[in-house]
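The values are calculated or read from the model by the stated rules, or taken from the named source; none is laboratory data. Just so it is clear, the model here is predicted, and its values are computed rather than measured. Methodologically, a virtual Cβ is constructed for each residue, glycine included, from the backbone with ideal geometry; neighbour enumeration extends over all protein chains shown. Side chains included, ligands, DNA and RNA excluded: accessible areas come from the protein's heavy atoms. Shrake-Rupley method; radii C 1.70, N 1.55, O 1.52, S 1.80 Å.
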Amino acid sequence: MSKVLIVNSSIKGEGSISRQLVETYKDSLLKADAKTQFIELDLGLNPLPVLSASNINGFFGNIGESAEASALAETVEARVSELEAADILVLGAPMYNFGMSALLKTWFDYVLRAGRTFRYTESGPEGLVNGKKAVVIETRDGKYSEGPASIMDFQEGHIRTLLGFIGITDVTFIRSEAMAFGPDIKAAAIENAAKALSELAAA
Ligand SMILES: Cc1cc2nc3c(=O)[nH]c(=O)nc-3n(C[C@H](O)[C@H](O)[C@H](O)COP(=O)(O)O)c2cc1C
C-alpha cells in the first residue's frame, strides 16, 4: 500500500486541466491498489502564505510572540512531515509565464529545509528525502518539449532541480502541452497525458 502526497497548484477553481489529470492518475492508482492512501493539498484553493518579513522568523524556529511566525512554523512542519511520510509525490504543475505556479514555488520554499530535507557536506549538498518517486503533471498552452520554444521552459528544469536537491531523483514528467494550438491538438494532448498516467499507475 502506497502513501501518495498530491500537490495541486492551478490558480483555476474549475476547469483546471492539471487537476483533471491528477484525478485520472489518482483513479488509476486506486484501480491498481484500492488501499492506496492519499493526502491532498490544493494550493489554488488554500494557498500557503508566501515567506515574508512578517513570518520568516517562524521558518527559522524563532517564533517569539508573533502569531504569524508561530503559524508559519506549524505549517512548514506539517508540509515537511507529509512529504517525508509519502512514497509517491504527485505535482499538478501548470506553466505560468514559462515557470511553475507561484503557489507551487511557495510549497518548495517550505519543504527545502537545510538540515532536514537536504544538508551541506564537505563534498557539497546532499538530499535527505530518499526512496521516493515523483510524478509531475505539466500543463502548458505552448509546446516546449521540442522546437524553438524549448529554451523558454523554465518550469521542468527548475522542478527537477528542486526535487533532486532534496534527494528525489526518480521523477517522471507527464506533459499536456500545445493546448492552445487548436481544439483537436488540445484534446489529443490531454488524452495522451491521461493514457500515459494510466499506464504509469498500472506499471
Ligand atoms: C497567468 C498565466 C500564465 C500562463 N503562462 C503560460 C506560459 O508561459 N506558457 C504556456 O505555454 N502557457 C501559459 N499559460 C497557460 C496555462 O499553462 C494553461 O492554461 C494550463 O492549462 C494551466 O493549467 P491548469 O488548466 O491546470 O490551470 C498561462 C496561464 C495563465 C493563467
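Given the residues Ala180, Ala134, which is the only one that is touching a helix residue (DSSP H, G or I) at 6+ places or on another chain (Cβ under 9 Å) and open to solvent by less than 30 Å² (accessible area, probe 1.4 Å)?
Selected residue: Ala134, the only one of Ala180, Ala134 that is touching a helix residue (DSSP H, G or I) at 6+ places or on another chain (Cβ under 9 Å) and open to solvent by less than 30 Å² (accessible area, probe 1.4 Å).
Taking the numbered list (1) assigned to a strand (DSSP E or B); (2) open to solvent by 10 Å² or more (accessible area, probe 1.4 Å); (3) in contact with a Gly (Cβ under 9 Å, 6 or more places away or on another chain); (4) in contact (Cβ under 8 Å) with a residue 24 or more places away in the chain in turn, Leu103 passes all entries but (1). Restricting Ile39, Ile63 to those that are modelled with pLDDT under 95 and open to solvent by 20 Å² or more (accessible area, probe 1.4 Å) reduces the list to Ile63. Would you check which residues across the range 80-100 are open to solvent by less than 20 Å² (accessible area, probe 1.4 Å) and either touching a Gly at 6+ places or on another chain (Cβ under 8 Å) or away from the ligand (no atom under 16 Å from the Cβ) (or both) and list them? Result: Val80, Leu83, Ala86, Leu89. One residue stands out in the range 7-27 among those that are among the polar types (S, T, N, Q) and open to solvent by 20 Å² or more (accessible area, probe 1.4 Å): the one that is nearest to the ligand (Cβ to nearest atom), namely Gln20. Only a single criterion out of (1) without any contact (Cβ under 8 Å) to a residue 60 or more places away in the chain; (2) within 12 Å of the ligand (Cβ to nearest atom) is not satisfied by Ile137, namely (1). Check the range 43-53 and report whether any residue there is assigned to a helix (DSSP H, G or I), more than 13 Å from Tyr110 (Cβ to Cβ) and either away from the ligand (no atom under 16 Å from the Cβ) or free of Cβ contacts under 8 Å to residues at least 40 places away in the same chain (or both). No: zero hits.
For the residues Arg160, Arg119, the requirement of being open to solvent by 70 Å² or more (accessible area, probe 1.4 Å), charged (D, E, K, R) and closer than 25 Å to Thr24 by Cβ singles out Arg160. Among the numbered criteria (1) in contact with a strand residue (DSSP E or B) (Cβ under 9 Å, 6 or more places away or on another chain); (2) open to solvent by 60 Å² or more (accessible area, probe 1.4 Å), which single criterion is violated by Met152? Going through (1) in contact with a strand residue (DSSP E or B) (Cβ under 9 Å, 6 or more places away or on another chain); (2) open to solvent by 60 Å² or more (accessible area, probe 1.4 Å) one by one, Met152 breaks only (1). With the condition kept exactly as written, say whether any residue in the range 192-201 is more than 16 Å from the ligand (Cβ to nearest atom), open to solvent by 30 Å² or more (accessible area, probe 1.4 Å), of a type in the set (A, V, I, L, M) and not in a loop (DSSP other than H, G, I, E, B). For the range 192-201, residues more than 16 Å from the ligand (Cβ to nearest atom), open to solvent by 30 Å² or more (accessible area, probe 1.4 Å), of a type in the set (A, V, I, L, M) and not in a loop (DSSP other than H, G, I, E, B): present.
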